[in-house]
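What follows is calculated from the coordinates using simple rules that are stated; it is not laboratory data. Fair warning: this is a prediction, and the values are worked out from it, not measured in the lab. When we count neighbours, we look across all protein chains shown, and the Cβ atoms used for this are built from the backbone with ideal geometry, even at glycine.
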Amino acid sequence: MLDLATAAPAVGAAFVASTVEVVEAFTIVLAVATLRGWRPALTGAVAALGVLAIMVAALGPLLNLVPLHGLQLVIGILLLLFGLGWLRKAVLRASGFMALHDEDAIFDRERAKIGDEVADVIAMLASFKAVLLEGLEVVFIVLAVGAGRGLMIPAALGALGAFVVVMTFGLMVRKPLARVPENTLKFGVGVMLSAFGVFWTCEGLGAPWPGDDLALFGLAGAFLVIALGLVAILKPRAAAATA
Amino acid sequence: MSVVLEVLEELWSMFVGDRRLTLLLLAVVALGAAAAYLIRQPMLAIAVVFLGAVGVLADSVFQGARKAKG
């Protein structure tokens, strides 16, 4: 039986990380739908979801054959690579060294691209690619957050929650989700994935954590403080560089 | 075909987008493994991996800032 302290970080990490990816995919699907109609946009999106479902069904059972420590170590390293990469970009954006990710700009870019390509097939492919690429990241996040410690169901529920929330919100407002503070989300995701990464890498090395799963909260807090400290150090330098 | 290539490119960039960060992190994990398996000090392994990850993040951020400036 899973307790809340064990399941909550997995649900939260999968939810927030998946929200970022679903928002990106939805923005592109919406751009396609605005230009070419919902039919090619949804056909491409549904086809991509089908491919993703087949991939998960094919790869999921194989995870049971891998030794737990080995799986935790590999996933921990991958999570650290993924998480530190996100955190790095989020810190650089928050400090002003990198332009903020702009969903409005993505929407306009996709619209301009598709405006030149008049065929519905191309519009459908654009939608297919966006959902497949962003969906692959969601699949990885669910596997990474859930597979190491038998938390696949909480992680999958977190990702499903993100899908439902973004779709509901997106279909209600029917316009790009530029109001979602994307860099703030990415900052949080980078912190959580980095914390999970350190936790599982050490578990994979056979080093047990003091406080077991509760150590995750301490790790996330430490990464948050360190990342905010880096932003505080870099902000004046960015301001001086642009002055 | 281009869809397959884009998927592969996306997967590659997810993990090896920053080669320096990847190599430094693998070196940190190797040090952690040495602490855990060679000298059998699990707490030292935890300290090495955590502090190493923080160091890799700081290095990568300052490197990114330098590149953006220059």
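Some points to look at:
- Across segment A:124-161, the residues whose backbone nitrogen lies under 13 Å from the label position 7 Å along the beta-carbon direction of A:A47 are A:124-132.
- Spatial offset of segment A:191-208 relative to segment A:42-60 amounts to 29 Å, using the alpha carbon center of each.
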